[in-house]
1. Out of all the residues in the range A:383-395, is one or more of a type in the set (A, V, I, L, M) and either touching a helix residue (DSSP H, G or I) at 6+ places or on another chain (Cβ under 6 Å) or within 12 Å of chain B (Cβ to nearest Cβ) (or both)?
2. Only one of A:Ile430, A:Ile474 is more than 18 Å from the chain's Cα centre (by Cα), away from chain B (no Cβ under 14 Å) and surrounded by 23 or more Cβ atoms within 10 Å (Cβ to Cβ); which?
3. So is A:Leu124 within 13 Å of chain B (Cβ to nearest Cβ) and either in contact with a His (Cβ under 9 Å, 6 or more places away or on another chain) or within 24 Å of A:His45 (Cβ to Cβ) (or both) or not?
4. Test of understanding: among B:Leu577, B:Leu612, B:Leu572, B:Leu563, which residue is at pLDDT 95 or above and more than 14 Å from B:Glu642 (Cβ to Cβ)?
5. Kindly indicate the residue of the range A:187-222 that is touching a Leu at 6+ places or on another chain (Cβ under 6 Å) and either without any contact (Cβ under 8 Å) to a residue 40 or more places away in the chain or not in a helix (DSSP H, G or I) (or both) and also nearest to A:Trp101 (Cα to Cα) among those meeting that condition.
6. Assess whether B:Ile91 counts as being in a strand (DSSP E or B) and away from chain A (no Cβ under 14 Å).
7. What residue, of A:Val164, A:Val184, is modelled with pLDDT of 95 or more and part of a strand (DSSP E or B)?
2 protein chains.
Amino acid sequence: MIKVKGKSRVVIENVQPQVDQGLYPAKRTVGERVDVTADIFGDGHDHLRAQLLYRRQEDHHWQHVEMRHTYNDTWLASFYVPDKTVYLFTIQAWVDHFDTWYDGFKKKAHANVDVHVEIKEGVLLLKGLSKEKNERLSLAVSELEREYSTAIAYVLSKGFEKLVHDFPHIEHETQYEKILEVVVEHAKANFSSWYELFPRSASLEGKHGTFKDVIRLLPRVASMGFDVLYLPPIHPIGKVNRKGKNNNVKAEPGEPGSPWAIGSDEGGHKSIHPDLGTLDDYKKLISEAKKYGIDIALDIAFQCAPDHPYVKEHPEWFKQRPDGSVQYAENPPKKYQDIYPFNFESDQWMDLWVELKSVITFWIDQGVKIFRVDNPHTKPIPFWQWVISEVNSEYSDVIFLAEAFTRPKVMASLAKVGFTQSYTYFTWRIHKQEIMDYMNELVYSQSRNYFRPNFWPNTPDILPFFMQHQGENIFILRFALAATLASNYGMYGPVYEFYDNVPMEGKEEYYNSEKYEVKRHDWKKTNRMTDIITLINKTRKENPALHSTWNMQFCHIEDQNMLAFLKATDDLSNIILVVANLDPHAKHSGFVQLPKERLKLGDRINVKVRDLLTDEHYTWTQEWNYVELDPFKLPFHLFKVELHESYM
Amino acid sequence: MIKVKGKSRVVIENVQPQVDQGLYPAKRTVGERVDVTADIFGDGHDHLRAQLLYRRQEDHHWQHVEMRHTYNDTWLASFYVPDKTVYLFTIQAWVDHFDTWYDGFKKKAHANVDVHVEIKEGVLLLKGLSKEKNERLSLAVSELEREYSTAIAYVLSKGFEKLVHDFPHIEHETQYEKILEVVVEHAKANFSSWYELFPRSASLEGKHGTFKDVIRLLPRVASMGFDVLYLPPIHPIGKVNRKGKNNNVKAEPGEPGSPWAIGSDEGGHKSIHPDLGTLDDYKKLISEAKKYGIDIALDIAFQCAPDHPYVKEHPEWFKQRPDGSVQYAENPPKKYQDIYPFNFESDQWMDLWVELKSVITFWIDQGVKIFRVDNPHTKPIPFWQWVISEVNSEYSDVIFLAEAFTRPKVMASLAKVGFTQSYTYFTWRIHKQEIMDYMNELVYSQSRNYFRPNFWPNTPDILPFFMQHQGENIFILRFALAATLASNYGMYGPVYEFYDNVPMEGKEEYYNSEKYEVKRHDWKKTNRMTDIITLINKTRKENPALHSTWNMQFCHIEDQNMLAFLKATDDLSNIILVVANLDPHAKHSGFVQLPKERLKLGDRINVKVRDLLTDEHYTWTQEWNYVELDPFKLPFHLFKVELHESYM
């Protein structure tokens, strides 16, 4: 009948971070901070204390951190996660009679109320504080047992305050009913710079490119400062129903087709397109890239061309139609007869899952650690949950980037079930308020605990309307925003570098898209864009404040075309302030406000800011500071901020 | 290793109502509607269908209600709870291949795409739809097997659309992992009108009042339309350290003391103050009140005067101090030496809990069903959870009103653990935006599922600042707001009726408070306030729209002093529109907007509104309508709204 712990008077609710009621772990990367909050309250006016308990999964002993009350019964404590493992945490809270007594004693003593009995109570409390003999406590008892006024003075001293703090009076504590998880991944999950190119367009001589050509491009990619080189699918391309230039339904003879129509008589998802080279060439590319600190990312597109070997070998993995044909992809009335989707409702679903997993592990065994997953939202979410957890249990430091440009809850779900990084709506967030709302949602909502954004200003599928038929200003601006707002970002590189801005009329797609043809890029050329990319990537590497998305805070600036935000390390040893002019056509200016509380600035301000691209520098002695940006010079400032020591 | 149901492709998340992850049930009262929402999504473009499953706890078979997609992957379905029991609900969702096929077929047929194979697929789907022979399905198959163009026309017909709707193709369904609870209580939990008076001031002759005097007042209370008569504690009052007039530390001889200082040599929590009468008198009061449809509410104040019998009989239930004295209540440096709180951390806590429960059940056995619980936030929340659940398991239709004027999360927690109704911040919500924000929080946030507000414009403890030294306008306004915004409301009656507006200087307390003395009220007098109370309570009873707090919706009205809101039954058979002028000193006017969507109004509006107090009536043919209110006439309109049938 009576099941409760009768003397436990404290309630602990709403513990965060907690993803879907603890169904999924919260995510962090090595070295990050976990801010734990909870609603904690009891009855009456007695003082509460609370502590956060955390440990690595493999450890036995809990670490304790005192929580502090912020406001409205919310309590906070933080811990860092230096190790790549799973951390567990929970919370304990109790009515602290020692602290309650201490507070009451002070108020009574200050009001000259008689405290003879209170002193006796204090002695009893002190004696109960530790089971073992403790010198500080024994000393305190003897102080309290001295003459009345001496005892009062002692309790009112600084030393006694510290004693109360150091000796929590833990009794009848409430233990939060769950133990929650934080999965800690390697740093690259949180900080990476992606460059995408089609290897078949990598030739310097205008032929069909090969992995060897890509190897020759590595110094170029590395000198620009990228650390992930992502190649679209490298497998044999279907010959049946192959698509032609500009997505024509029929390819002309000799047209190469789309790399996402995977599989032919030359092999499937574990094979290499013969025109690109051999498996050994690919492995050579991986190892050469490693020398430059670059990871080669593989595209995972779980779908088949009609001539993919699976279609014959495993007809049970595809939907068979009543006329004996295989179901192709469609979005009625449109038909995509070059693509057969897998039927995940196949009776042989388990064999299918296992085979698809083996595709991923095959490539990991060749040296791949990073996968960009094509349209994961068109395959069952439970499949991803299973396959990613399987792979992670066997291999470490694997990154899965979800290419799901779809509805918000579906994108969220893919991130929750295990995707390391996700493409985002950044591509279409143009105006000041849009950018601010989206960033604040990513950083300050529940999303922060599972969704790691990777910002792309373009992809082979997307040339956004507002970049069409536009000059270089908007390309520079959008790149700078992507690379500074988010710690993970990428670009579909060669066309971006050279401002390719010609769309299929009325669509957000490229005209003469590289998806359907081999392109010739002038790989030997560099330009202003190349220089800015190089400088910003260098700045990203050198400034730890830019290694995180989560430390971002917008700063007030009045003009609707001006955007300002700050990123800083927890210890303020590295501070970056970005100010951008979002209007590519005209100069704008405004006063930007320094976030005084975050920067721990007093009333006398003395801050040095230096633009890391132009080397312009200013000393700011006011909270609000004038900034002017001409997009035809440079549409943004990337300031390093230095706080003058004497005012720290 | 593989634990998931491999073919189930649908995700169900964020199911509501769900209080603290299902830790507590959601609350409803008999006849109310439960709106169930969930985030439901799958992969790709296949069509989903979902159904809500619900049943009474004691039944075996689930009822099914089709859910419909609203927006952003949120789905909705509702059910009504006609019975006073616990209802269970959960959700099921699946990829519906029949619906997907149907949608694709229509698009292809309209685009003149060949659908010979699709027709064959349709036949297969129809044959799989029911395990038993079904005439409609057989007929459909034979229609599809007719000539090509006939078959197409058949699928495009209205009849086929209905067939698709009537035959969900349930396969590989996802079942939400939890079964959630809705506790349904009796109607009075949601609709009650409280009048508070001190029985010791009930005498018509100016003597110490008795229960017999209260019986003589019943016709008066009933004629005003109240259905709960709440009396402060009726037990013997402590004689030791008794408080005097205006909360003086020492009572003069003959002063009656505060009824909340319970217990003396005359008895404790199960005894009756001898000056009020006998237990039989009290039972007589209960039975006489019942004849008028009035419940007598008892005050539960779990605390003791120093001479309460418990103090001697159960010293273990109190905190003993080192000098041999018992710990009195305090808020340092203030001392409340007339009150001993129970020590809920007593080693004998279980005996204490059982005894306190027996206090409640003792009074239930005398005929009491409604308890106003004094300061529940100063007793452990786990105790309330236990005692309320114990009482509810033995007795039905008991109401516990939590008198917790404290921090929001503590008030929420008391409601979650079982209190039927709660005092609120309404008492201090004066301005338009404050009232709107607070009401919207109560009605449209999670709070709606556990926190039933009971609005009081005053209590014996609270004469709000803005009603001090003010005339009758503000009293009329605040009463009208309380009684129409909330379906549960109450007033500390006699002083409210007669506009007692004199405070203890600088405090929100009454001067010469009835808490510390016997007052003489002119019970034979009535005034304009009495008349308005009578009319509004009559209106409340006669209009089902006012039996709920949850059907409230604010209407736009421009003036910052004007507030307008609508309440309507689900079927729109009863609609009330309240418009109030919040400024007690001046006339204001504005245009109020009819909520067209809620009222299902088309472009041609023809609405009759009649003020139920003044009988003024208007015909409104516009969406925005002029309203003017002079507080010196009446500060509000209480319109009954009638929709002209031809435009329904």
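1. Yes, some residue in the range A:383-395 is of a type in the set (A, V, I, L, M) and either touching a helix residue (DSSP H, G or I) at 6+ places or on another chain (Cβ under 6 Å) or within 12 Å of chain B (Cβ to nearest Cβ) (or both).
2. Values: A:Ile430 fails: surrounded by 23 or more Cβ atoms within 10 Å (Cβ to Cβ).
One residue alone meets the criteria, A:Ile474.
3. Yes, satisfied.
4. B:Leu563
5. A:Tyr195
6. yes
7. Values: A:Val164 fails: part of a strand (DSSP E or B).
Selected residue: A:Val184, the only one of A:Val164, A:Val184 that is modelled with pLDDT of 95 or more and part of a strand (DSSP E or B).
Residues are listed down the side, and each one gets a yes or a no for (1) under 20 Å from A:Ala26 (Cβ atoms); (2) modelled with pLDDT of 95 or more; (3) of a type outside the set (Lys, Arg):
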residue: A:Tyr423; (1), (2), (3): no, yes, yes
residue: A:Trp428; (1), (2), (3): no, yes, yes
residue: A:Lys432; (1), (2), (3): no, yes, no
residue: A:Asn440; (1), (2), (3): yes, yes, yes
residue: A:Phe451; (1), (2), (3): yes, yes, yes
residue: A:Asn458; (1), (2), (3): no, yes, yes
residue: A:Phe475; (1), (2), (3): no, yes, yes
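The values are calculated or read from the model by the stated rules, or taken from the named source; none is laboratory data. Bear in mind the structure is a predicted one, so any value in this text is a computation, not a measurement. With ideal geometry, Cβ positions are generated from the backbone for all residues, glycine too; neighbour counts draw on all protein chains shown.
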